[in-house]
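Each remark here refers to the structure printed beneath this line.
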Amino acid sequence: INWLVTKVTPKEADWSRASRIISRIVSWVGIVIIFGTAIVVILPLLGVDIDDLRDELSDIGESFIDWLQGSGIRVALIIGVAIAAQQIARSVIPTVIRASVVRKEKRKRLIEEAEQRVTTLSFFLVGAAVTIIWLIAIFMALPEFNIDIAPLLAGAGIMGIAIGFGAQNLIRDLL
């Protein structure tokens, strides 16, 4: 897993934490599968009737496979597009800001100040873009789990209005 994570991530990115998390998840899933299999094998040896358990697990497995074939593919596609959009935003936004801000400056001292502005603006805009991308992805994925997003969207609209009124003075100062 570590090898796979290091192959698919950019060289400058530190994915060691993500690699550890993925390794832990895979380990826990493996442990659950091993213990579940051991229980299913050992209980009949002890004389416990597990036919009802087998039927229930079979029904759960079939419904899970049906969900994976329908909604699971859509959720995976939503996550994949969100990851791609995030990577595009992280590479394009700083480039565009740097091209528009630094290009206008001629003197060396002003270029250094412009670089600081580029760093600040890039950090803010990339963070905002990534947040928006993942919020959209979450709102697109929630219906696949049969969660109604209408109340969440209404709450987000009210919160947006409150933030807009709260930021009114800040925007006025910037302009």
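The values are calculated or read from the model by the stated rules, or taken from the named source; none is laboratory data. Just so it is clear, the model here is predicted, and its values are computed rather than measured. Note that each Cβ is placed from the backbone with ideal geometry, even for glycine, and that neighbours are counted across all protein chains shown. These accessible areas exclude ligands, DNA and RNA; they are computed on the full protein's heavy atoms, side chains included. Shrake-Rupley method; radii C 1.70, N 1.55, O 1.52, S 1.80 Å.
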Of the conditions (1) in contact with a helix residue (DSSP H, G or I) (Cβ under 9 Å, 6 or more places away or on another chain); (2) part of a helix (DSSP H, G or I), the single one that residue 148 does not satisfy is (2)
Suppose we filter 161, 93, 138, 88 for residues that are in a helix (DSSP H, G or I) and in contact with a Leu (Cβ under 7 Å, 6 or more places away or on another chain); which single one remains?
93
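Take the conditions of a type outside the set (Ser, Thr, Tyr) and surrounded by 13 or more Cβ atoms within 10 Å (Cβ to Cβ) and apply them to residue 158. Does it pass? Break it down stepwise before answering.
Details: of a type outside the set (Ser, Thr, Tyr): yes; surrounded by 13 or more Cβ atoms within 10 Å (Cβ to Cβ): no.
Criteria not met by residue 158.
When only residues in segment 128-144 that are within 10 Å of residue 93 (Cβ to Cβ) and over 12 Å from the mean Cα position of the chain (by Cα) count, which is surrounded by the most Cβ atoms within 10 Å (Cβ to Cβ)? Before the answer, list the steps.
Within segment 128-144, the first condition is being within 10 Å of residue 93 (Cβ to Cβ), and the residues that meet it are 128-130.
Add one more test, that the residue is over 12 Å from the mean Cα position of the chain (by Cα), and what stays is 128-129.
On the way: 128: 12, 129: 17.
Ranking the candidates gives 129 first.
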Right, residue 65: in a helix (DSSP H, G or I), hydrophobic (A, V, I, L, M, F, W, C), open to solvent by 70 Å² or more (accessible area, probe 1.4 Å) and closer than 30 Å to residue 125 by Cα or not?
no
Note: among 50, 93, 78, 34, just one is at pLDDT 90 or above, open to solvent by less than 70 Å² (accessible area, probe 1.4 Å) and over 30 Å from residue 146 (Cα atoms), namely 93
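Provide a single number: the residues in segment 96-112 that are open to solvent by less than 80 Å² (accessible area, probe 1.4 Å) and modelled with pLDDT of 80 or more. Full working, then the answer.
Quick first cut of segment 96-112, residues open to solvent by less than 80 Å² (accessible area, probe 1.4 Å) only: 97, 99-102, 105, 110-111.
In the following step, the residues that additionally are modelled with pLDDT of 80 or more were identified as 97, 99-100.
Of the residues in that region, 3 qualify.
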